[in-house]
Amino acid sequence: QVQLVESGGGLVQAGGSLRLSCTASGSIFRVNTMAWYRQAPGKQRELIALITSGGSTNYVDSVMGRFTISRDSAKNTVYLQMNSLKPEDTAVYYCKLIMVGRDYWGQGTQVTVSS
């Protein structure tokens, strides 16, 4: 069984920064992808950033240049550094672990950006 535990959400003013963390535990394949999604009220969950076990990254346009995804594979942890936050970044942020034939979600952490 695999579990993902997220932390780091909270309330921040526009222009501020937050760093999210997500640690996976359990039977984790060495080759995997870790990703961050978010879901704003009334909207569908969207993929915003991902990083492969080889270190390749990809971002959705709306966060490019403001958010940085990174990982510490030895700790099975993925991070999301969020800078220059905007009110439209307000959402529940979820991490996801993607392996061959299976994937797992974290419980979500709320990020609220006030104007």
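Quick rundown of the values:
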| read-out | value |
| --- | --- |
| Test: residue 30 is open to solvent by less than 60 Å² (accessible area, probe 1.4 Å) and not in a helix (DSSP H, G or I) | no |
| Subset of region 100-112 [in contact (Cβ under 8 Å) with a residue 40 or more places away in the chain and under 16 Å from the mean Cα position of the chain (by Cα)] | 104, 105, 106, 107, 108, 109, 110, 111, 112 |
| Scan of region 51-85 for residues that are open to solvent by 40 Å² or more (accessible area, probe 1.4 Å), part of a strand (DSSP E or B) and more than 15 Å from residue 24 (Cα to Cα), ordered by number | 57, 58, 59, 68, 81 |
| In region 60-115, residue modelled with the lowest pLDDT [restricted to those that are among the hydrophobic types (A, V, I, L, M, F, W, C) and closer than 14 Å to residue 23 by Cβ] | 74 |
| Residue list for region 33-50, restricted to those being in a loop (DSSP other than H, G, I, E, B) and among the aliphatic types (A, V, I, L, M) | 40 |
| Region 79-115 - residue that is touching an Asp or Glu at 6+ places or on another chain (Cβ under 8 Å) and among the β-branched types (Val, Ile, Thr) and, of those, farthest from residue 38 (Cα to Cα) | 113 |
| Number of positions in region 1-27 that are part of a strand (DSSP E or B) and open to solvent by 80 Å² or more (accessible area, probe 1.4 Å) | 5 |
| Any hit, region 86-93, residues being out of contact with any helix residue (DSSP H, G or I) (no Cβ under 9 Å at 6 or more places or on another chain) and assigned to a helix (DSSP H, G or I) | yes |
| Residues of region 86-111 satisfying the condition of being open to solvent by 50 Å² or more (accessible area, probe 1.4 Å) and under 18 Å from residue 62 (Cβ atoms) | 86, 87, 88 |
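Each row is one residue, and each column tells you yes or no for (1) at negative phi; (2) in contact with a strand residue (DSSP E or B) (Cβ under 9 Å, 6 or more places away or on another chain); (3) free of Cβ contacts under 8 Å to residues at least 60 places away in the same chain.
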site: 12; (1), (2), (3): yes, yes, no
site: 49; (1), (2), (3): yes, yes, yes
site: 55; (1), (2), (3): no, yes, yes
site: 59; (1), (2), (3): yes, yes, yes
site: 68; (1), (2), (3): yes, yes, yes
site: 79; (1), (2), (3): yes, yes, no
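The values are calculated or read from the model by the stated rules, or taken from the named source; none is laboratory data. Not measured: the values here are computed from a predicted model. Cβ atoms come from the backbone with ideal geometry, glycine included; neighbour counts cover every protein chain shown. Only protein heavy atoms, including side chains, enter the accessible area calculation; ligands, DNA and RNA are left aside. Shrake-Rupley method; radii C 1.70, N 1.55, O 1.52, S 1.80 Å.
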